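Below is one structure. I have some questions about it.
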Amino acid sequence: MMKPLLRPPVAAGRFYAGDPASLRAEVARCMPEQDKSHALALIVPHAGYIYSGATAGAALGRAKVPASVLLLGPNHTGLGHGCALSPDDWQIPGADIPANRDLNAAILRHCRLVQEDRQAHSREHSLEVLLPFLHRARPDLQISALCLGGLRLAQCQELATGLHAALMAYGRPVLLVASTDMNHYESRAVGSRKDRAAIARIVALDAAGLFDTVRQEHISMCGCVPVTVALLVALALGAKKAELVRYTDSGEASGDTAQVVGYAALLIV
């Protein structure tokens, strides 16, 4: 395994507040206290907090977060390996969040497609923006972070099988968190229709159906691959139900409904 470094935040001051005190207040507003559920997986958005923070917080605030979280997010930059496992500890304003070395080692043993690679994570925001929420919920958090490129369905299935084996070998509770925004830059009417089609497949726990629907309906859901993989792993772990916690779009904050990005938060138990 690679020697860990400290990955500095790249989205602080842009997607969320760069000052620790301001960030804590921002996260507290987005993630009010509520009753907690035992969840196998969460699906949450990753835009700037003004747009999607309350939606992400609605799901992240519902889950009992264990000390170990496996994050799966899309690769927006095209950098690095297509199944990139971060070897590093992650810094956010006011806190450092260590990598889970034991879980990382298990993932590398059981997942042929995965390689340690910090380049894919170096400028990627889709996992970083979730860390302040997770750290608020669990200050002793350790993470394993996977940045995933454009995998085929068969590769998603292979990766999910390996991740399930890694989780079984690890042997301690792990929350899966898949990061995605929904359809991008179409009207609210079109975006909502497309997003509802994708959300229906998630609620049905139909990973292959989600993967096919996103492609057939031309839904620009950036985290389709991470969500597909998370669904497959959750099913292997015994998932019985997926619940839509909140859905909105960027027009709620901007007032522009001609070109919106959709945001959905779901809880899988």
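First select every other residue whose beta carbon is under 10 angstrom from the beta carbon of H121; then total the charges, Lys and Arg +1, Asp and Glu -1. Mind dumping the intermediate values first?
Details: positive: R7, R118, R123; negative: D88, D117, E124, E128.
Around H121, the charge tally is -1.
Karplus couplings for the stretch 222-232 from phi (6.51 cos²θ - 1.76 cosθ + 1.60, θ = phi - 60°), rounded to Hz, Gly and Pro as x?
5, x, 4, 5, x, 5, 4, 5, 4, 4, 5
Exactly which trypsin sites (Lys or Arg not before Pro) in the stretch 94-132 are in a DSSP loop and have at most 15 other Cβ atoms within 10 Å? It would help to have the intermediate numbers written out before the result.
Values: sites: R101, R109, R112, R118, R123; in loops: R112, R118, R123.
Of the trypsin sites (Lys or Arg not before Pro), the ones in loops of the stretch 94-132 whose Cβ has at most 15 other Cβ atoms within 10 Å are R112, R123.
Would you kindly compute the Cα radius of gyration of the chain and its largest Cα-Cα separation (Dmax), both in Å?
Values for the chain (Cα only, Rg and Dmax): 16.8, 48 Å.
Additional query: Rank these by accessible area, largest first, 1.4 Å probe: E252, E186, E128.
Details: E252 120, E186 60, E128 0 Å².
Greatest to least solvent exposure: E252, E186, E128.
Please compute the length gained on full extension between A25 and V190, using 0.36 nm multiplied by the number of residues separating them and subtracting their Cα-Cα distance.
56.0 nm
For the chain, report the accessible area per residue in Å² (1.4 Å probe, heavy atoms, rounded to an integer).
On the way: 10630 Å² over 269 residues.
It amounts to 40 Å² per residue over the chain.
Is the C-alpha gyration tensor of the stretch 64-182 telling us rounded, prolate or oblate? Criteria: a/c under 1.5 is rounded; beyond that, a/b larger than b/c is prolate, otherwise oblate. Don't jump to the answer; show the numbers that get you there.
On the way: a/c = 1.63, a/b = 1.16, b/c = 1.40.
It is oblate, given that a/c is not under 1.5 and a/b is not larger than b/c.
Would you mind getting me the FRET efficiency between R101 and K36? Use the beta-carbon distance for r and R0 = 25 Å, nearest 0.05. Intermediate results must be reported in sequence, preceding the final value.
Numbers: r = 27 Å, r/R0 = 1.09.
Plugging the Cβ-Cβ distance into 1/(1 + (r/R0)^6) gives 0.40.
Using a basic spin-label model with each label point 7 Å from the Cα along Cα→Cβ, how many nm lie between R112 and K241?
Between R112 and K241, the label points sit 3.8 nm apart.
Also, quick follow-up: Cα centroid distance between the stretch 71-107 and the stretch 189-219, in Å?
Using only Cα atoms to place each centre, the spacing works out to 27 Å.
Taking the stretch 134-241 as the region of interest, what is the percent of Cα-Cα pairs per 5 angstrom bin, listed from the shortest bin to the one with the maximum distance?
2, 11, 21, 22, 18, 13, 8, 4, 1, 0
From largest to smallest, what semi-axes in whole angstrom does the stretch 69-124 give when each is the square root of 5 times an eigenvalue of its alpha carbon gyration tensor? Numbers along the way, then the final one.
Numbers: eigenvalues 66, 53, 13 Å².
Listed largest to smallest, the semi-axes of the stretch 69-124 are 18, 16, 8 Å.
Amide H of A63: which non-local residues (sequence gap of 5 or more, or other chain) have their own amide H closer than 5 Å, using H built in the peptide plane?
Under 5 Å from the amide H of A63 lie the amide H atoms of S37, each far enough along the sequence or on another chain.
Now a separate question. Could you tell me what percent of the DSSP beta bridges with both partners in the stretch 56-208 are antiparallel, to the nearest 5? Don't skip to the answer; put the middle values down first.
Details: 6 of 20 bridges.
Given both bridge residues lie in the stretch 56-208, the antiparallel proportion sits at roughly 30 percent.
Sticking with this one: Excluding residues on the same chain fewer than 8 positions from K36, give the lysines whose Cα lies under 23 Å from its Cα.
Hits, sequence-local ones excluded: K64, K240, K241.
Using each residue's phi in the stretch 102-111, evaluate 6.51 cos²θ - 1.76 cosθ + 1.60 at θ = phi - 60° and report the 3J(HN,Hα) Karplus result to the nearest Hz, with x for Gly and Pro.
Working through the residues one at a time gives 5, 5, 4, 4, 5, 4, 5, 5, 9, 10 Hz.
With every protein chain in place, what's the accessible area of M168 (1.4 Å probe, Å², nearest 10)?
110 Å²
Something else about it: Apply 1/(1 + (r/R0)^6) to the Cβ-Cβ distance of A253 and R215, taking R0 = 22 Å, and write down the FRET efficiency to the nearest 0.05.
Working: r = 29 Å, r/R0 = 1.31.
The formula returns an efficiency of 0.15 here.
The values are calculated or read from the model by the stated rules, or taken from the named source; none is laboratory data. Quantities reported herein were computed from a predicted structural model and do not represent experimental measurements. Counting neighbours? That spans all protein chains shown, and the Cβs are built from the backbone with ideal geometry, glycine included. Calculation scope for accessible area: heavy atoms of the full protein, side chains included, ligands and nucleic acids excluded. Shrake-Rupley method; radii C 1.70, N 1.55, O 1.52, S 1.80 Å.
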